[in-house]
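Each remark here refers to the structure printed beneath this line.
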Amino acid sequence: MVDFEKLRKKSIELAKKTIRESISEDNFIINSINNIDELTKVANVLTKRLRDWYSLYLPEFSKKISDNEAFVKLIVSRKRKELMQEMNIKESMGTELSAKDLKPIMEIALRINSLYKLKENLKEYLEQVMNSYCKNLSTITGALLGAKLLEQAGSLKKLAMMPSSTVQLLGAEKALFRHLKTGARPPKHGTILQHPLVSSAKKTNRGRYSRVLADKITIAVKTDYFKGKFIGDKLKTELEERLK
């Protein structure tokens, strides 16, 4: 007679083992890049609010520093007079704030600065994982862009099985569906537009550059997934020469 209780326990054990063994570097990379993106969004929103508040104190400084991270780092490390001297601001339209009113502004700035530090730590971790798991891809795209492509594909295996035309359009799904539904112009690139060689190209050349880049990414990913030799430097050189 079948002992259903033992069968149930064995099934649970097998399911737990399968889940444990399914965890891989893909999961670490996907969670890392998602958290980096979320930290960027949160820090940017908070910095926008901080700029509005700090402009009551020193509005000229906020206008001179457009980079959010640099803005936060400077106000947590410099006093008002030091910033005015460095930025050559002789007289400010802002008002002098009491220690009581300045304290919450600086506390928020310190918290935002800690978010930027956390983001940098995650980037360093991501680079380490990418270089050990898919070094060819990371060499061509950089850790961040490579991780975004892997996250959008779902895993290194899925990315390796994609044709270069699909890799080229990862991240442009909405535009592609709009083209299929309404007949609008089809997208020429997706996330790989963030690659410096593509983003710095003339608008008329970006589609062709994206196609060439996607071809090299496809080769790199397949080599990484099937545990081939390191050819990232060779592919990167070929890519740069091809796009000259």
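The values are calculated or read from the model by the stated rules, or taken from the named source; none is laboratory data. Worth saying up front: this structure is predicted, and the values here are computed from it rather than measured. Cβ placement follows ideal geometry from the backbone for every residue including glycine, while neighbour counts extend to all protein chains displayed.
Cβ-Cβ distances below 8 Å connect the following pairs, each with a first residue in the range 180-206 that is under 21 Å from GLY142 (Cβ atoms) and without any contact (Cβ under 8 Å) to a residue 40 or more places away in the chain, a second residue that is surrounded by 10 or more Cβ atoms within 10 Å (Cβ to Cβ) and among the β-branched types (Val, Ile, Thr), and a separation of six or more residues or different chains: HIS189/VAL198; VAL198/ILE192; ARG206/VAL198.
For the range 200-244, which positions are basic (Lys, Arg) and over 16 Å from LEU170 (Cα atoms)? It would help to see each step written out before you state the result.
Within the range 200-244, the first condition is being basic (Lys, Arg), and the residues that meet it are 202-203, 206, 208, 211, 216, 222, 227, 229, 234, 236, 242, 244.
Passing the criteria: LYS202, LYS203, LYS222, LYS227, LYS229, LYS234, LYS236, ARG242, LYS244.
What helices (runs of 4 or more DSSP H), lying completely within the range 135-244, carry at least 1 residues that are of a type in the set (Asp, Glu)? First the steps, then the outcome.
Values: elements: 135-141, 143-153, 156-160, 164-169, 173-182, 196-199, 206-225, 232-242.
Ranges flagged: 143-153, 173-182, 206-225, 232-242.
A count restricted to the range 210-244 and to residues that are among the aromatic types (Phe, Trp, Tyr) and touching a Ser or Thr at 6+ places or on another chain (Cβ under 9 Å) stands at 1.
Condition check for ASN68 on (1) closer than 30 Å to VAL129 by Cβ; (2) free of Cβ contacts under 8 Å to residues at least 24 places away in the same chain; (3) not small (Gly, Ala, Ser): one failure, at (2).
With the structure loaded, tell me whether GLU127 is assigned to a helix (DSSP H, G or I), of a type outside the set (Val, Ile, Thr) and under 12 Å from ILE33 (Cβ atoms) or whether it fails that test. Spelling it out, GLU127 is indeed assigned to a helix (DSSP H, G or I), of a type outside the set (Val, Ile, Thr) and under 12 Å from ILE33 (Cβ atoms).
Residue by residue, here is whether (1) loosely packed, with under 15 Cβ neighbours inside 10 Å; (2) within 30 Å of ASP26 (Cβ to Cβ); (3) in the same structural domain as PHE226 (by TED's automatic domain parsing) holds:
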residue: LEU39; (1), (2), (3): no, yes, no
residue: SER66; (1), (2), (3): yes, no, no
residue: LEU83; (1), (2), (3): no, no, no
residue: ASN88; (1), (2), (3): yes, no, no
residue: GLY94; (1), (2), (3): no, no, no
residue: ASP101; (1), (2), (3): yes, no, no
residue: SER114; (1), (2), (3): yes, yes, no
residue: GLU120; (1), (2), (3): yes, yes, no
residue: GLN128; (1), (2), (3): yes, yes, no
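For the range 45-53, indicate whether the set of residues that are under 24 Å from LEU144 (Cβ atoms), surrounded by fewer than 16 Cβ atoms within 10 Å (Cβ to Cβ) and not polar (S, T, N, Q) is non-empty.
Start the filter on the range 45-53 by keeping residues that are under 24 Å from LEU144 (Cβ atoms), which leaves 45-48.
Now restrict to residues that are surrounded by fewer than 16 Cβ atoms within 10 Å (Cβ to Cβ): 45, 48.
Next cut, not polar (S, T, N, Q) only: 45, 48.
Yes; the residues of the range 45-53 include at least one that is under 24 Å from LEU144 (Cβ atoms), surrounded by fewer than 16 Cβ atoms within 10 Å (Cβ to Cβ) and not polar (S, T, N, Q).
Does LYS117 fit the bill of being assigned to a helix (DSSP H, G or I) and more than 23 Å from ILE231 (Cα to Cα)? So that I can check it myself, show each step before the final result.
On the way: assigned to a helix (DSSP H, G or I): yes; more than 23 Å from ILE231 (Cα to Cα): yes.
So LYS117 passes the test.
Looking across the range 212-244, the residues that are within 25 Å of ASP26 (Cα to Cα), of a type in the set (D, E, K, R) and touching a helix residue (DSSP H, G or I) at 6+ places or on another chain (Cβ under 9 Å) come down to ASP215, LYS216, LYS222, ASP224, LYS229, ASP233, LYS236.
Across the range 147-162, what is the number of residues that are crowded, with 17+ Cβ neighbours inside 10 Å and in contact (Cβ under 8 Å) with a residue 40 or more places away in the chain?
So the answer is 10.
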